[in-house]
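Worksheet: one structure, shown below.
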Amino acid sequence: MANASTSHYPAAPAAQGIESHTLCVLVDNEPGVLARVIGLFSGRGYNIDSLTVSETEHEKHLSRITIVTGGTPMVIEQIKNQLERLVPIHRVVDMTVSGPAIQRELAMVKVRGKGDNRVEALRLADAFRARVIDAGTESFVFEITGASDKIESFIALMLPLGLVEVSRTGIVAIQRGPDGM
C-alpha cells in the first residue's frame, strides 16, 4: 500500500518554500476585468489571501487590484507572467521584491463587554491606537489600521474580552519614494 503522503508530483526543493507576495495590478476599469483576474487564480488552483480593488485614476479609467497570494518562487513568477498576458492589464508589480513598500489593512472589530472586560478592551485599544467608532452600553466597535500582524494581535487580544465580529478590508500597498507604479 502506498504511503498517504506519496504524490505523483515532485515536491518543491527545500530552498523553494512557500512565500507570501503582494501583487499590484493596474487594469482598465471595465466590467468583467476582476472576474478574469480571479478566474486566472481559481482556474489554476492558486489561492488569494487578500484582495482589494478600487479605481485609482478616474480620467484614465484605471483601477488597482492588490492581491496577496502565496507559492514557491516559481509559482509566483508563473502567476505574474500569466497576469501580464491578460488583455485589460497594463502593469503587474510584485511589491514584495520591487523595493521598499508600505502595506496596510483596516479592520472594524466589535467587542461586547461590561465591567473589567470593557475597561481592558478600551485600554488595549488605546495601546494599539485603535479608535472607537461606535459605542453602546454593552459593546464597542473599534477601527484599527496597520500591518496585518498588528491587526491579528489586536483581534487575538479581544477574543477573550468578548469579540463578536470582525470586518477587514484586505491589504493595500504602495511603494516608497517618488516614483509611481
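Tell me, yes or no, whether the stretch 127-142 has at least one residue that is surrounded by 11 or more Cβ atoms within 10 Å (Cβ to Cβ) and closer than 30 Å to residue 76 by Cβ. The answer is no; no qualifying residue exists.
Annotation: of all residues in the stretch 112-145 being among the basic types (Lys, Arg) and in a loop (DSSP other than H, G, I, E, B), the one that is farthest from the chain's Cα centre (by Cα) is 114. With respect to the conditions (1) in contact with a Gly (Cβ under 7 Å, 6 or more places away or on another chain); (2) closer than 22 Å to residue 53 by Cα; (3) crowded, with 17+ Cβ neighbours inside 10 Å, residue 121 falls short on a single one, namely (2). Of all residues in the stretch 15-39, exactly one satisfies the criterion of being in contact with a helix residue (DSSP H, G or I) (Cβ under 8 Å, 6 or more places away or on another chain), surrounded by fewer than 16 Cβ atoms within 10 Å (Cβ to Cβ) and farther than 20 Å from residue 102 by Cβ, namely 16.
Could we say that residue 148 is assigned by TED's automatic domain parsing to the domain that holds residue 124, out of contact with any Asp or Glu (no Cβ under 8 Å at 6 or more places or on another chain) and either surrounded by 15 or more Cβ atoms within 10 Å (Cβ to Cβ) or among the aliphatic types (A, V, I, L, M) (or both) here? Spell out the reasoning first.
Working: assigned by TED's automatic domain parsing to the domain that holds residue 124: yes; out of contact with any Asp or Glu (no Cβ under 8 Å at 6 or more places or on another chain): no; either surrounded by 15 or more Cβ atoms within 10 Å (Cβ to Cβ) or among the aliphatic types (A, V, I, L, M) (or both): yes.
Spelling it out, it is not the case that residue 148 is assigned by TED's automatic domain parsing to the domain that holds residue 124, out of contact with any Asp or Glu (no Cβ under 8 Å at 6 or more places or on another chain) and either surrounded by 15 or more Cβ atoms within 10 Å (Cβ to Cβ) or among the aliphatic types (A, V, I, L, M) (or both).
For the stretch 60-97, filtered to residues that are among the β-branched types (Val, Ile, Thr) and not in a strand (DSSP E or B), the residue that is surrounded by the fewest Cβ atoms within 10 Å (Cβ to Cβ) is 87.
The values are calculated or read from the model by the stated rules, or taken from the named source; none is laboratory data. Just so we're clear, the structure is a prediction, and the values are computed from it rather than from any experiment. Virtual Cβ from ideal backbone geometry, glycine too; neighbours counted across all protein chains shown.
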